[in-house]
Structure formats: structure tokens, C-alpha cells
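The values are calculated or read from the model by the stated rules, or taken from the named source; none is laboratory data. This one's a predicted model, so the numbers in the text were calculated from it and none came from an experiment. Using ideal geometry, Cβ is built from the backbone for each residue, glycine included, and neighbour counts are taken over all protein chains shown. Accessible surface is based on the protein model in full, side chains and every heavy atom, while ligands, DNA and RNA are left aside. Shrake-Rupley method; radii C 1.70, N 1.55, O 1.52, S 1.80 Å.
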Amino acid sequence: MTKDGAGSHKRVAILISGGGSNMVTLVNSMIGDHPARPCLVLSNIPDAGGLAKAADLGIETAVVDHRDYKGDRPGFEAAVTARLEAATPDIICLAGFMRILTEGFTGHWAGKCLNIHPSLLPKYKGLHTHQRAIDAGDVQAGCSVHEVTAELDGGPILGQARVPVLQGDTADDLAARVLVQEHLLYPAVLRRFAQGDKTPVFFG
Ligand code: GRF
């Protein structure tokens, strides 16, 4: 139930570290009869480009700079959680958020936190996913939305979108092709998740 308990929209907080293109598509999707609305965009990077985009969209923003917590990951996560609690979110979407989160954070937000990862999980957890798919000679790649658990990029899959890997693709070529699908997949998964439906979404 939301903060006001009036049976109104689910409140969605979005965590970013960079340009926030996924955040923008999520925010723009939460209109009309969508069961959720954005309540906060938070970044660990003070000058993340997505913060200005969120402000332009009229969304409250916040920064918890991880560099203020050198070596104190639990302290950083506690500060993020405290700032999130102030916005009373029902759902948290990690969208290009580039910090590894420990059980301290994932346990606290269990069942409420989603992430988008640019590979067809369980393949290619971690970084450099597109180059790894190309190097492996894969003919398909894509993205996955999953529930966030203590295992990095390891929670239950809530959606996947597939794209072809084309002859001569660079990692940037493939990333651009996958990003288009990310912007379709994440909003579709969020809408379903906000309605309490965990049936996975599959595109392509
Ligand atoms: C995207 O490829 C996403 O899969 C990854 O971060 C990249 C940039 O995302 N997590 P965004 O443009 O900041 O949403």
C-alpha cells in the first residue's frame, strides 16, 4: 500500500549512476492508468546526467555520494536506504546503477527491488556483457530485468528481450541495439510488477 494508503499509485524510486536513459523511459511510462508513479530519482554520482533529466521531468532528486563512504559499503547503503525511506517507495528500480549492493541493502528491500542488466541472464553476469557475447560468438544477445537479491545479477527473472548479434558488430553496436529493447522491456515489467504480477515478460 502507498504512503497515503488511499489505494492510489505505487511509489517508485529509481537509482541511477549515469545518463539515466532507462530512468527517463520508466518515468515517462508512469502515466494515465499506470498503477505507479515516480517518487524519487537518487544517484551515487553528484553530476550524473540523469539527475538533470529527472529534475526537468519534475521528479524529486537526491544524491548519496559513495565517495563520502570510502571503504564503508554498509555506511553508504544505510545512507541510501535512509534517503529512500524518506520517500516511502513501494518499488525500487535500479537503472544503470553501478554500485554492488550487499545483503544489507538487498535484504532490507527484498521483494521490492528490480534491476535491468544488459545480457540474457544467467549468461554474462557482471560487466562488459556485449563484448563477452561477441567474443563467445553468440548469435543472440539482449537484456534482462530481474528481482534484486544478494547474488549479483542473480535474482528471479521478470523479463527478457532478445536481439541478433550481427556480423562485424562492435560492443557499442550491440549495446545500442540492446538499449532500444531495454527501454521497451523495463517499463513493461514495471507495469506488471506494480500490479503484483510476476509473470515474466518476453520480447523477441
Ligand atoms: C544500460 O546499458 C543498462 O543496461 C546498464 O547501464 C546502461 C546505461 O543505462 N545497467 P542508462 O542509460 O543510464 O539507463
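For region 108-128, which positions are of a type in the set (A, V, I, L, M) and within 13 Å of the ligand (Cβ to nearest atom)?
Of all residues in region 108-128, those of a type in the set (A, V, I, L, M) come to 110, 114, 116, 120-121, 127.
LEU114, ILE116, LEU120, LEU121, LEU127 - these are the residues of region 108-128 that are of a type in the set (A, V, I, L, M) and within 13 Å of the ligand (Cβ to nearest atom).
From the list ASN44, ASN28, which one is touching a Phe, Trp or Tyr at 6+ places or on another chain (Cβ under 9 Å) and within 16 Å of the ligand (Cβ to nearest atom)?
Values: ASN28 fails: touching a Phe, Trp or Tyr at 6+ places or on another chain (Cβ under 9 Å).
One residue alone meets the criteria, ASN44.
Screening MET23 on (1) in a helix (DSSP H, G or I); (2) open to solvent by 10 Å² or more (accessible area, probe 1.4 Å) shows it passes everything except condition (2).
Scan region 26-52 for residues that are open to solvent by less than 10 Å² (accessible area, probe 1.4 Å) and polar (S, T, N, Q) and the total you get is 2. Of the residues making up region 57-67, none is assigned by TED's automatic domain parsing to the domain that holds ARG37, part of a loop (DSSP other than H, G, I, E, B), open to solvent by 70 Å² or more (accessible area, probe 1.4 Å) and at pLDDT below 95. Residues that are more than 17 Å from the chain's Cα centre (by Cα) and either without any contact (Cβ under 8 Å) to a residue 12 or more places away in the chain or within 16 Å of the ligand (Cβ to nearest atom) (or both) within region 67-107 comprise ARG67, ASP68, TYR69, LYS70, GLY71, ASP72, GLY75, ALA82, GLU85, ALA86, listed in sequence order. Evaluate region 166-183: report whether one residue or more is open to solvent by 40 Å² or more (accessible area, probe 1.4 Å), touching a Lys or Arg at 6+ places or on another chain (Cβ under 6 Å), over 29 Å from GLY107 (Cα atoms) and not aliphatic (A, V, I, L, M). Scanning region 166-183, I find no residue that is open to solvent by 40 Å² or more (accessible area, probe 1.4 Å), touching a Lys or Arg at 6+ places or on another chain (Cβ under 6 Å), over 29 Å from GLY107 (Cα atoms) and not aliphatic (A, V, I, L, M), so the answer is no.
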